[in-house]
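Presented below is the structure to which this report refers.
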Amino acid sequence: GAGVSQSPSNKVTEKGKDVELRCDPISGHTALYWYRQSLGQGLEFLIYFQGNSAPDKSGLPSDRFSAERTGGSVSTLTIQRTQQEDSAVYLCASSLYRGLDYEQYFGPGTRLTVT
Amino acid sequence: DQQVKQNSPSLSVQEGRISILNCDYTNSMFDYFLWYKKYPAEGPTFLISISSIKDKNEDGRFTVFLNKSAKHLSLHIVPSQPGDSAVYFCAASETYNQGGKLIFGQGTELSVKP
């Protein structure tokens, strides 16, 4: 079946502009995660959606970052007034959350470059 | 504060030999650990996991060892193959307190030479 897809694959934007990144999770997966990987760094957790529960936003680096998940499926990560330090690969993952037994499936990522 | 650390940014191994990738963590509440493999321009793919109630999990050429007292885990690949060349990330989770969010290490780039 289809995996996690993300769009766009690459985005170049000017400092101060807003950007929207999209994630389509695997059908039926109840949990959705956003991470980012800055150059030379590991993956950094941003936000986590699980079913109808309130999202865990503890990893969002500033109030310029927000995310929503519509209808329990597609998610959009929005970065307002982008800064150069926002440049990174933004990765989305989904999982069929089953307590201890779960695996997160990652999309290919969106490479964001802020000039 | 880096809760999951991979102190070796790179590792080079001869084909057919054993690769050992190491990971240390500081949070004693972590109860589930995973290894992911990442090729350039692709998302990470799940490799193997281990629950804190175990100290070893094996899947084919891949074995993960967990030493809770030392807060250390390692991934053994034997025999190593050139196709194993990739970046390997260690990840940990507090499944009951923090849901499914994963805390990742910085990654170790493995190069397997023919």
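The values are calculated or read from the model by the stated rules, or taken from the named source; none is laboratory data. Since the structure is predicted, the reported quantities are computational estimates derived from the model, not experimental observations. Neighbour counts run over all protein chains shown; Cβ positions are idealised from the backbone, glycine included.
A few points about this structure:
Every residue, every condition in (1) farther than 27 Å from A:Gly109 by Cα; (2) of a type in the set (Ser, Thr, Tyr), yes or no:
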residue: B:Glu42; (1), (2): no, no
residue: B:Ile50; (1), (2): no, no
residue: B:Lys54; (1), (2): yes, no
residue: B:Arg61; (1), (2): yes, no
residue: B:Ser69; (1), (2): yes, yes
residue: B:Gly83; (1), (2): no, no
residue: B:Glu94; (1), (2): no, no
residue: B:Leu102; (1), (2): no, no
residue: B:Glu109; (1), (2): no, no
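- Cβ pairs under 6 Å, 6+ apart, first in the range B:34-54 and touching a residue at least 40 places away in the same chain (Cβ under 8 Å), second crowded, with 20+ Cβ neighbours inside 10 Å and outside any strand (DSSP E or B): B:Tyr36/B:Pro44; B:Lys38/B:Pro44
- Extreme residue, surrounded by the fewest Cβ atoms within 10 Å (Cβ to Cβ), among residues of the range B:67-90 that are within 14 Å of chain A (Cβ to nearest Cβ) and within 11 Å of the chain's Cα centre (by Cα): B:Val87
- Failed item in (1) under 30 Å from B:Asn7 (Cβ atoms); (2) within 13 Å of chain B (Cβ to nearest Cβ); (3) in contact with a Phe, Trp or Tyr (Cβ under 8 Å, 6 or more places away or on another chain), with A:Gln50 passing the rest: (1)
- Those residues of the range B:52-66 which are loosely packed, with under 14 Cβ neighbours inside 10 Å, assigned to a strand (DSSP E or B) and within 14 Å of chain A (Cβ to nearest Cβ), in sequence order: B:Asp59
- Any hit, the range B:91-100, residues being facing chain A (nearest Cβ under 8 Å) and part of a loop (DSSP other than H, G, I, E, B): yes
- Single condition B:Gly107 does not satisfy, out of (1) away from chain A (no Cβ under 13 Å); (2) in contact with a Gly (Cβ under 8 Å, 6 or more places away or on another chain): (1)
- Pairs, first closer than 10 Å to A:Trp34 by Cβ and touching a residue at least 40 places away in the same chain (Cβ under 8 Å) in the range A:66-83, second part of a strand (DSSP E or B) and of a type in the set (S, T, N, Q), C-beta under 8 Å, six or more apart: A:Leu77/A:Ser66
- Test set (1) closer than 30 Å to A:Ile47 by Cβ; (2) under 13 Å from the mean Cα position of the chain (by Cα); (3) surrounded by 21 or more Cβ atoms within 10 Å (Cβ to Cβ) - B:Asn7 fails condition number: (3)
- Residue among B:Ser8, B:Ser19 that alone is within 14 Å of chain A (Cβ to nearest Cβ), touching a Ser or Thr at 6+ places or on another chain (Cβ under 6 Å) and farther than 21 Å from B:Gly100 by Cβ: B:Ser8
- Near pairs, Cβ below 9 angstrom, 6+ apart or cross-chain, from the range A:40-59 (more than 24 Å from A:Ser87 (Cα to Cα)) to any residue that is assigned to a loop (DSSP other than H, G, I, E, B): A:Gln50/A:Thr30; A:Gln50/A:Tyr97; A:Gln50/B:Gly99; A:Gln50/B:Gly100; A:Gly51/A:Thr30; A:Gly51/A:Tyr97; A:Ser53/B:Gly99
- Failed item, numbered, when A:Asp18 is tested on (1) modelled with pLDDT of 95 or more; (2) surrounded by fewer than 13 Cβ atoms within 10 Å (Cβ to Cβ); (3) within 20 Å of B:Gly107 (Cα to Cα): (3)
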